[in-house]
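For reference, the structure discussed in these notes is given below.
The values are calculated or read from the model by the stated rules, or taken from the named source; none is laboratory data. Because the structure is a prediction, the values reported are computed rather than measured. With ideal geometry, Cβ positions are generated from the backbone for all residues, glycine too; neighbour counts draw on all protein chains shown. Please note that ligands, DNA and RNA were not included when accessible areas were found on the heavy atoms of the full protein model with its side chains. Shrake-Rupley method; radii C 1.70, N 1.55, O 1.52, S 1.80 Å.
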Amino acid sequence: MTHLLVISVGTEVYRRYILEGLRSTGVRVTVVQSAPRQPWAVPLVDVTYEADLRDRTGVVELAEKIHATEPFDGVLTYDEAHVELAAEVAEALGLPGLSREAAARSRDKRLMREAFREAGVPSARSVLTMTADGAAEAAALVGYPVVLKPRNLGGSYGVVRVDDEERLRELFHVAVGARISRIDSVPGVLVEEYLEGPELSVESVVQDGRVHICGLTEKEVGFAPYFEELGHICRKPSTYPGYPEIERVVVAAHDALGITYGATHSELRITTRGPRMIETAARLGGEKIPYATRLATGVDQVALAVAALTGGRVEVRPERELFAGVRMVYPSRDGRVRALGHRPGAEELWHELVWHASPGQDMALPPRGFMTRLGHIIAVEPSHEALTARLRDSVAALTIAMDPPTVSGA
């Protein structure tokens with residue numbers, strides 16, 4: 001039986017399907033996570049250890065101790081905050097994984113941009129700055145509009161477009177002050193060329209340096225000038241126009257970063273000059289993108305990632321050509337949730353509806369709050385047009401009641 005070490009289980013609404021999938025395929029799962037343990041995950045794994053995941057030395061020593069008596073076949077994390085930790089653990093145990101250098105490049109967007117530039121991977125021009133004055137100078141060099149971006153966060157936290165110097169100085173604090181509790185922020189803000197065009201992500205699995213593309217996702221962002229992700233449409237990659245060039249650029253990005261093992265989530269924009277890389281994360285995509293990819297194509301990126309990390313066979317074989325969409329549900333305004341529901345019979349519209357929020361919870365839209373979703377909907381259809389209509393009808397069938405915010409300025 002394959003024995004997998006999973007570092008951090010993540011949030012139930014987005015990551016439960018991963019542990020359920022591992023359980024269904026008979027993989028033995030040992031989890032190391034921060035205290036307190038997540039109750040929902042307990043019945044889905046075999047053993048759970050609690051540890052301070054910021055103490056990398058302590059986690060490596062714990063993994064080595066377990067490995068000495070119950071050897072692991074592979075190490076997996078799907079949490080952006082712990083990609084470098086997983087690389088260290090895999091290296092210490094002598095198991096396939098990212099090198100420390102590749103893990104660092106995948107986590108620090110400045111190092112990533114430098115690697116892309118040196119390898120000739122088409123990407124955005126980028127300048128690192130520490131101050132608003134420095135950002136204004138960089139923007140004059142790059143040319144407006146520009147994007148301000150924290151160096152090592154995720155989920156578009158603190159990412160904002162500015163069209164002139166006045167707005168840059170007004171919004172610089174958003175990027176420089178953005179924080180995610182479980183990630184130690186690296187100082188500095190990137191001032192980057194704004195890439196115009198449709199935004200995509202490409203979901204891949206890498207084994208011994210070979211990139212296997214599993215899925216392609218069309219992304220919708222909103223709440224301009226911020227880049228909150230509103231939804232995703234997953235499809236068979238080869239059905240997207242211009243896919244061969246997209247594949248070439250994505251593979252080149254992996255080579256530039258030195259990613260040789262594991263799952264990846266690459267984001268890019270299709271500009272008038274062709275595909276341009278935004279970034280490649282050395283982990284599974286969030287927001288149930290791998291799950292929707294499996295619904296659309298039959299390709300199980302999670303299972304393939306485990307195979308890649310444990311010496312199994314990685315072969316991408318799409319079984320169908322459907323379209324699966326994930327639609328994030330947001331409140332129309334800031335406020336406190338009074339009630340969440342849907343009209344009778346509406347459940348026939350979707351494959352899945354999951355509420356993230358609950359009555360009594362305060363919600364704030366960007367820039368006061370990021371990724372404060374009420375819930376999400378997943379639907380599947382045979383065509384792009386039918387899926388878009390299905391998701392629209394699904395959101396329209398929801399009943400959402402909000403009260404005014406309870407905290408001034410929330």
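When a 1.4 Å probe is rolled over the protein heavy atoms, the share of accessible surface on the range 204-255 that falls to carbon and sulfur comes to 50 percent. Excluding same-chain neighbours fewer than eight residues apart, the lysines reachable from Lys288 by a Cα-Cα span under 29 Å are Lys109, Lys149, Lys219, Lys236. May I ask you to list the residues of the range 245-261 whose amide nitrogen lies under 20 Å from a point 7 Å from Cα along the Cα→beta-carbon direction of Glu114? Residues passing the 20 Å test: 253-260.
How big is the equivalent ellipsoid of the range 245-375 along its three axes, where each semi-axis is √(5λ) from the Cα gyration tensor, reported in whole Å from largest to smallest?
The equivalent ellipsoid of the range 245-375 has semi-axes of 33, 20, 15 Å.
Checking the a/c ratio against 1.5 first, then a/b against b/c, what shape does the Cα gyration tensor give for the range 12-83? Judged from the Cα gyration tensor, the range 12-83 comes out oblate (a/c at least 1.5, b/c at or above a/b).
Cβ under 12 Å from Gly311's Cβ, Gly311 left aside: what net charge do those residues give with Lys, Arg +1 and Asp, Glu -1? Let's see the in-between values first.
Values: positive: Arg313; negative: Asp73, Asp208.
Taking every Cβ under 12 Å from that of Gly311, the sum is -1.
Provide Rg over Rh for the range 63-121; use the alpha carbon set for both Rg and the Kirkwood Rh (inverse mean inverse pair distance).
Values: Rg = 13.8 Å, Rh = 12.5 Å.
Radius of gyration relative to Kirkwood radius: 1.10.
Taking every protein chain into account, the accessible area of the chain amounts to 42 square angstrom per residue (probe 1.4 Å).
Quick one: net charge of Gly97's neighbours, Cβ under 10 Å, K/R +1, D/E -1? Each step should come with its number before you reach the end.
Details: positive: Arg100; negative: Glu88, Glu91.
Summing Lys/Arg as +1 and Asp/Glu as -1 gives -1.
Count Lys and Arg as plus one, Asp and Glu as minus one, and take only other residues whose Cβ is under 12 Å from that of Val299; the net charge is then 0. Among all helices in the chain defined by DSSP H, which have a length of 20 Å or more along the axis from Cα atoms plus a Kyte-Doolittle mean of at least -1.0? Helices meeting the span and hydropathy rule in the chain are 56-69, 243-257.
Where in the range 249-350 are there trypsin sites (Lys or Arg not before Pro) that are in a DSSP coil and have at most 16 other Cβ atoms within 10 angstrom of their Cβ?
Values: sites: Arg269, Arg273, Arg276, Arg283, Lys288, Arg294, Arg313, Arg320, Arg327, Arg333, Arg336, Arg338; in loops: Arg273, Arg283, Lys288, Arg313, Arg320, Arg333.
The qualifying sites are Arg273, Arg313, Arg320, Arg333.
Dividing the convex hull volume of the alpha carbon atoms of the range 1-152 by its residue count gives 155 Å³ per residue.
Computed over the Cα atoms of the range 106-260, pair by distinct pair, the Kirkwood hydrodynamic radius stands at 16.6 angstrom. Here is the P(r) of the range 195-286: all C-alpha pair distances, binned every 5 Å from 0, give 3, 14, 26, 26, 18, 10, 3, 0 in whole percents. In plain terms, the chain is cut at each of the GluC sites (Glu not before Pro) found in a DSSP loop with at most 12 other Cβ atoms within 10 Å, and the longest leftover piece is 1-195. Distance between the 7 Å Cα→Cβ label points at Glu64 and Glu385: 6.2 nm.
On a C-alpha basis, how far is the centre of the range 362-410 from the centre of the range 279-347 in Å? Whole number, if you could? Cα centroid to Cα centroid, the span is 16 Å.
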